[in-house]
Structures are given as C-alpha cells and as structure tokens.
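The values are calculated or read from the model by the stated rules, or taken from the named source; none is laboratory data. Being a predicted model, the structure only gives us computed values, none of them experimental. Glycine also receives a Cβ, built like all others from the backbone with ideal geometry; neighbour counts cover every protein chain displayed. We work out accessible area using only protein heavy atoms, side chains counted, and drop any ligands, DNA or RNA first. Shrake-Rupley method; radii C 1.70, N 1.55, O 1.52, S 1.80 Å.
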Amino acid sequence: MAPDSVEFCRILLLALCISGIWSAYIYQGVLQETLSTKRFGPDEKRFEHLAFLNLAQSVVCLVWSYIMIKLWSNAGNGGAPWWAYWSAGITNTIGPAMGIEALKYISYPAQVLAKSSKMIPGMVEIFNPFIPQKVDHESLFLSHFFLRFLGLSYSCCSIRDAVMLMGTLVYGIRYTFPEYMCTFLVAGGVSFFALLKTSSKTISKLAHPNAPLGYALCFLNLAFDGFTNATQDSIASRYPKTEAWDIMFGMNLWGTIYNMIYMFGLPQGIGFEAIQFCKLHPEAAWDILKYCLCGAVGQNFIFMTISNFGSLANTTITTTRKFVSIVVSSVMSGNPLSLKQWGCVSMVFGGLAYQIYLKWRKMQRVEKKKQKS
C-alpha cells in the first residue's frame, strides 16, 4: 500500500475513534443525567438507586470483553490470572459508584468538571509503598488531587503551596512553572465553580441538593480511581503479556461479584428495589441498558485509540469530549451556566489543554534525542 494510502487510512481510523468516543460517552452522559434527574411514570418517581448503574455496567462490560477476547483478541494467553484483579476490583466498584451517587447532590456539569481534574497527572507516587513495584507516575494523581481538593474552600494560592510542600519536602520533587500553571488553572477553575451560586433551575432538578457532599463523593471517586490505576499498572508490569481485554474482563468480573454481593447479599442492598423499579418503569430500564452499552462501546474505542495512536491522542480526545459534555448538558438538558461559571470551565480545560501541550513537547524532545542517537 502506498504511503499516502496508509496515511489516509490512519486519518480515517482516527476519525472513527474520535466519533466513537465522543458519541458513546456524550450520550452516556445524557443518559446518566436523565436517570439522576428525571421523574418516571405517572407516579413521577425518581430512580434513586444510581449505584445500580455500576453493577449493570460491570455485567455488560464483562460480557462484552469476553466476546472480544474470544473473537478478536489473543488476550487470555499468558496474561494476568483473573484472581489478580481482586484488590483493584474493590476500588473500581466503590469509586465509580460514588461518582454516580454524586449526581444526587450536584449538577452533571459540576461532576464532570470536578472529575476532569484527574486528567492532570499526579506528580507524587504516593502508592509506591503499597504497590509491589514501581509504576507509571502519570497514573498516580491521588495525592496531587487530594491537596487540590482540600483547598476547595480556600484560595488557589494555598492549594499551590500545599502541592509544593508535599512534593518538595516529602518526596523531593521539583516542580516547573508550567506545572504550577496547569495546577493553578485546574484547581482554581474547580474551586471557583464550586463556590459560585448554582441556578435555581438546576438545583430544582437534583434529588438532594448538597454541594459539599457531592464534591466529597467526586473526590472519593478520584481517590479510589488512583489506587485502581496504580494496581492495574502493577498487574500489567508483573504480567507483560496482559492485554487490554484481559484487564477489562478481570476488572469487570470482580466488579460484578462485589456489586452482586452488595446489591443482593447484604440487608441494606438495593438490587431488588432497583429491579422492581425497572419493572414498573420500562423506560428507565431501557435507559440503563443504553447507558451500559455506551460504556462498553466507549471502552472499545479507547483501547483502539491507545493501541493505534498512543495515550496522548486518547487524552486529547477524552478531554475535549468532557468539555462538549458540559456544553450539551447546559444547552440541551437545561442546566444553564452563568458567565462566571463558563469562565471557570474555560480555566479548567485551558489547564488541561496546556498539560496536553506540555506532554506533546516532551514527546517531541524524546523523539529528537532518539533520532540523534
């Protein structure tokens, strides 16, 4: 095949990945917001069991990954054993459930904005003492975000000083001015957004408006995600033949087991109530199914993007998708943002865009060094 044809095929593949990630996750966001705010049926009841979405998502992704392993992948041969994911499965079960539950207390744009902070790589390997071997520090953002979140009600200066104090004094890390700038933009945008007044129209759609609790749940979501990412990297390092579908299968297998125990095995489980609600309100059941399918399809395109174009391209696509999700929620779902709130959104995504640019420059320098050597 001619070089021009190869390049054209890569462009088409990239366009397919972009459209797949955008359409799957933007629509999933719409469904997530719908399930958290809509009143179903003539009795106008809310779907209060949002954590049930985590179980449904795990089951669908488990089946999806099994099919992909059998049909399209060499995964399962020499990869990590299924039991290796038990610890990551715990945090991967609790974390996303808390992120979903946050929608009872804060708006969808606020949730997306808060969770977007994890796009900034953590600069402190806080999990190293707890993980069997060294892993990629870019996955370990927990302590960095933790310090930023603690400063949510304070000035951005205190957030920046806390990050510098922890990184410099405890871990001996030296931060550059661009890194501080990214932190300032993201932390400042999230902090100011949280402190600004939300419109009464948006608040009226929430089940139990409570901004501090909602942001706290988002923080816990990110904290558990940090351990999950670190453990996944550790598993991949110990078992080099592990493929993406191996990880997806193992994580969702344990996620299904843990969620089933929590939802149906414990006295306070909500599984039977959620199923009963779906029986009485088929519209909610269809929304849940579509939500899960969007997640499975979206993961498929993310794996495709990373394997063909690298993590930087995937970060760029998912970051822009988050911004579009906020626009869609504001325009189509009736969550109007003030000019000040849009300014905060611009700050956050400006910081994320700057971080992507810094990564790209670093990659370019590495490539030049390789060519010279």
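Based on this model, can you work out whether GLY188 counts as at pLDDT 80 or above and open to solvent by less than 40 Å² (accessible area, probe 1.4 Å)? No.
Of all residues in segment 259-276, those satisfying the criterion of being surrounded by fewer than 21 Cβ atoms within 10 Å (Cβ to Cβ) and of a type outside the set (A, V, I, L, M) are TYR262, PHE264, GLY265, PRO267, GLN268, GLY269, GLY271, PHE272, GLU273, GLN276.
For segment 82-94, indicate whether the set of residues that are more than 15 Å from ALA284 (Cα to Cα), part of a loop (DSSP other than H, G, I, E, B) and not hydroxyl-bearing (Ser, Thr, Tyr) is non-empty. No, there is no match, as no residue in segment 82-94 is more than 15 Å from ALA284 (Cα to Cα), part of a loop (DSSP other than H, G, I, E, B) and not hydroxyl-bearing (Ser, Thr, Tyr). Restricting PHE309, PHE301, PHE323 to those that are surrounded by 18 or more Cβ atoms within 10 Å (Cβ to Cβ), touching a residue at least 60 places away in the same chain (Cβ under 8 Å) and aromatic (Phe, Trp, Tyr) reduces the list to PHE301. Residues that are touching a Pro at 6+ places or on another chain (Cβ under 6 Å) and either small (Gly, Ala, Ser) or without any contact (Cβ under 8 Å) to a residue 60 or more places away in the chain (or both) do not occur anywhere in segment 208-223.
Scanning segment 1-42 for residues that are closer than 30 Å to ALA207 by Cβ, under 26 Å from the mean Cα position of the chain (by Cα) and not charged (D, E, K, R) yields a count of 16. Go through (1) modelled with pLDDT of 90 or more; (2) closer than 25 Å to THR256 by Cβ; (3) open to solvent by 20 Å² or more (accessible area, probe 1.4 Å) and name the single condition LYS70 misses. Checking LYS70 against (1) modelled with pLDDT of 90 or more; (2) closer than 25 Å to THR256 by Cβ; (3) open to solvent by 20 Å² or more (accessible area, probe 1.4 Å), the one that fails is (1). Selection of segment 1-40 for residues being among the aliphatic types (A, V, I, L, M) and either open to solvent by less than 20 Å² (accessible area, probe 1.4 Å) or not in a helix (DSSP H, G or I) (or both) yields MET1, ALA2, ILE21, ALA24, LEU31, LEU35.
Kindly establish whether TRP245 is more than 22 Å from SER307 (Cβ to Cβ), assigned to a helix (DSSP H, G or I) and not acidic (Asp, Glu). When the stated conditions are applied, TRP245 does not pass them.
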